[in-house]
Amino acid sequence: MKPDTSPQNLLVATPLLDFRHPALQKLIDERRWRDLPEFERIGAVYDFVRNEIAFGYNLSDDLPASRVLADGIGQCNTKGSLLMALLRAVGIPCRFHGFTIDKALQR
């Protein structure tokens, strides 16, 4: 079954992308990201996640974005969840396509 990639579906909150959480809304309001043109909005959110959320391993990969923000650290999956939640919160439809890397390939 093919996922629903309609723009409306790519803007909804989910258990991982809990962008209605007060901490995420406060961050968005303080940074005034909604006031930026779309291209700058995307860049500002991306720069925040890249530069202000330290690289580190969270308790698990399936934490909601609000928890990743509270932890202040993340790795590829958890930073991805935070990025996606923030983008959706500022009106940027988005999704990620992930895959598993075989251990032999990682070596």
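Show me 14-23, 38-47, 85-94 ranked by packing, highest mean number of other Cβ atoms within 10 Å first.
Ranked from most to least packed, the peptides come out as 85-94, 14-23, 38-47.
Suppose every K and R has +1 on its Cβ and every D and E has -1 on its Cβ; what is the size of the dipole of the chain about the Cα centre, in Debye to the nearest 20?
Computed charge dipole of the chain: roughly 140 debye.
Within 10 Å, count the other beta carbons around each residue, average over each peptide in 56-62, 2-8, and list them highest first.
Most protected by this proxy first, the peptides run 56-62, 2-8.
How would you classify the chain from its alpha-carbon gyration tensor, with a ≥ b ≥ c the square roots of the eigenvalues: rounded for a/c under 1.5, else prolate if a/b is greater than b/c, otherwise oblate?
Judged from the Cα gyration tensor, the chain comes out oblate (a/c at least 1.5, b/c at or above a/b).
Among 24-35, 69-80, how do they line up from the highest to the lowest mean number of other beta-carbon atoms within 10 Å?
69-80, 24-35
Please calculate how many Å² of accessible area the chain carries per residue, with a 1.4 Å probe and no DNA, RNA or ligand atoms counted.
66
Pairs of Cα atoms under 8 Å, at least six residues apart: use those to get the relative contact order of the chain, whole percent.
Dividing the mean separation by the residue count of the chain yields 35 percent.
Could you tell me which of ILE73, PRO15, ILE101 has its Cα farthest along the dipole of the chain towards the positive end, charges placed at Cβ (Lys, Arg +1; Asp, Glu -1), taken about the Cα centre?
ILE101
The values are calculated or read from the model by the stated rules, or taken from the named source; none is laboratory data. Remember, predicted model here, so these are calculated numbers, not experimental data. Note that we place each Cβ from the backbone using ideal geometry, even for glycine, and neighbour counts take in every protein chain shown. Remember, those area values only see protein heavy atoms, side chains included, never the ligands or the DNA or RNA. Shrake-Rupley method; radii C 1.70, N 1.55, O 1.52, S 1.80 Å.
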